[in-house]
1. Starting at the first residue of the range A:187-198, write each ³J(HN,Hα) from the Karplus equation 6.51 cos²θ - 1.76 cosθ + 1.60 with θ = phi - 60°, in whole Hz, x for Gly and Pro.
2. Specify the angular offset, from 0 to 90 degrees and rounded to the nearest 10, of the alpha carbon long axis of helix B:163-175 from the longest principal axis of the alpha carbons in chain B.
3. Using square roots of five times the C-alpha gyration tensor eigenvalues, list the equivalent-ellipsoid semi-axes of chain B in whole Å, biggest first.
4. So what's Rg/Rh here for the range A:26-66, counting alpha carbon atoms and using the Kirkwood radius for Rh?
5. Taking only the alpha-carbon positions of the range A:278-327 and ignoring solvent, what does the Debye formula give for the base-10 log of I(q)/I(0) at q = 0.19 Å⁻¹?
6. Once the other residues with Cβ under 10 Å from the Cβ of B:Lys51 are scored (Lys, Arg +1; Asp, Glu -1), what is the net sum?
7. Among B:Phe87, B:Phe125, B:Phe147, which one shows the highest mean-square fluctuation when chain B is modelled as a Gaussian network with alpha-carbon springs under 10 Å?
8. Across the range A:78-205, what fraction of all alpha-carbon pairs, as a whole percent, falls in each successive 5 Å bin from zero upward?
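Values in this text are rule-based calculations from the coordinates and carry no lab data. Just so you know, these numbers come straight off a predicted model, no measurement behind them. Don't worry about glycine lacking a Cβ; one is built from the backbone with ideal geometry, like all the others, and counts go over all protein chains shown.
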Amino acid sequence: MGKKNWLILLGAAVFICSFPMLVTKIKAVSHYVDVMVFAGIFTLVCIGLSLLIGYAGQICLAQAAFFGIGAYTSGILTTKFGLDPWIAMPAGMILCGLVAWIIGTPALRLRGHYLAMATLGFGVIVNIVLAEEVNWTGGPSGMAGIPALRIAGYKITSDLAWYYLVWGIVFCALIFCLNILHSRVGRALRAIHEEEKAAECMGVPTASYKVRVFILGAVLAAVAGSLYAHYVACINPSSFNLMWSIRFMLMVMVGGMHSIWGALVGAVLMTFVGNEWLRMFAQFEILVYGSILLAVALFLPGGIVSLASLIAMRREKKASALEDAGS
Amino acid sequence: MNTAASQPNAPILRIEGLEKRFGGVAALQGIDYEVPGGIIQAVIGPNGAGKTTLFNCISGMIEPSKGRISLEGCRLEGLAPHKIARFGVSRTFQHVALFRKMTVLENVMLGRRPRTRRGFLAAGFRFPGMRSEEERIRKKALEYLDFVRLAHLAGLDAGTLPFGKQKILEIARALATEPRLILLDEPAGGLNMRETEELGALIQQIRKLRVTVLLVEHDMNLIMDISDRILVLDFGKVLASGTPAEIKENRTVIEAYLGVENGRDTDAT
């Protein structure tokens, strides 16, 4: 992993660690810690999605469904079978990985946006199942009483503890993905993105690599889902519908889909926008999201993280223009 | 290094009854041919003769409609390109297909893929050995860059190289897979005379690495200079084959191809 990424990682870690100390002092924003827990959970969902969009060039419209499978697996295994949450979480991960493998293998063999179509259908099916299987899932009203996580006998209940737990996991996932991107696997992924045919002829199994990226995204979404279920303690199908899949796409696009940092920036920003700053729009929320998407696609296709390099480029241009004028 | 041409080597590539149809059009039909190991085998023919289709069949990018292709006894037809690459067949492309936003070195490092193993989990968790493997890949890639004399450009983005250098870089990337057979699709296309000469020397050096070279090219001077054998295709069929001297004298070839445009195909693109 390059020096630059380590520096960004360090900067992000310092910010994340000190964030609660800053906001808890101010009464008006002290609940931002709670918002940030959600932001961290959504970041986990978005990291995998950004790899899929940025490197495999594919769109997934079932990210919320994987998120939901993770959440409900945790919910059902802990409340109905009394299993430990730390067993339920990997179970959800394995289930999501399997499902992604089954959907991805045929859909990613074909060129074009077949994965988007397949996942669109799958997402809707999952949502219907969650709403209809009343015995298992509690139906539209969902399930409650999902136990909190425990670490070494210590129950995690406070927002602050959750905050550090979730963001710790987010950073582990980020490091995991950055490690992949800066290895021969990442090189192969970038090669697929640039010249698929040539990559294939140099020995990159392009189809199966795309499937693996898709699986990775599904597994991360399952982790996020499980954390979500244990954090909010009650879940219902409306948190895992198509609208949420689109929201996750939006987070990745706003942040910048060609960088893993884009997922982080986009998820945090859009969580604040959605949970805090745009509440007043209520019903018109979807209009606002549509406008944001349109604006980003038109004016900032590289997302927010591309702003930094854009500014740097401007400055360079200005500097060279000044030099030209001076000489 | 003329031994390869004078001694009949065991065939490395065997093509039997190869046919490829696109709808009703036969791009290749009834191709039977053996390429002896360790030689430079040229494939010539007018545009649309099926040369690139032949390359695409061998490298697995398209599946033949009929027939067999075998590399030292291993059947290749119907395999995915990445598997064929593992078997030891590598190629370059008529229209340069480099990873433009990756550096020159990274392009060649990618070529090391078929010879290395580590996957997603090993990379994500940084298993021990990951770093040393990466170091080995880098070292090997630099060797190949050195071989084609591009080592001094290692850090540049491949897309910023001049066209001639890009063509050479593609060859280095293909060589890095340690192929037994390398397919060069019009490597001299778009090169100037000096660059073409250097390319000729490089291809002869590749043969010295005991890599069999299959060469599609329109530059007849280059072909006649360096190739050991020539296969002439016309309308998807074998028109003739033999040594450069034999082909030069071959009446059907002269009528069908060489004579028409005075030995140089002008619409090479």
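1. 4, 5, 5, 5, 5, 4, 4, 8, 9, 4, 4, 5
2. Taking the Cα atoms of chain B, the angle to B:163-175 is about 80 degrees.
3. 32, 22, 17
4. Numbers: Rg = 14.2 Å, Rh = 11.8 Å.
Answer for the range A:26-66: 1.20.
5. Relative scattering, expressed as log10 I(q)/I(0), comes to -0.73.
6. -3
7. In this elastic network of chain B, the residue with the biggest mean-square fluctuation among B:Phe87, B:Phe125, B:Phe147 is B:Phe125.
8. 2, 8, 10, 13, 17, 16, 13, 9, 8, 4, 1
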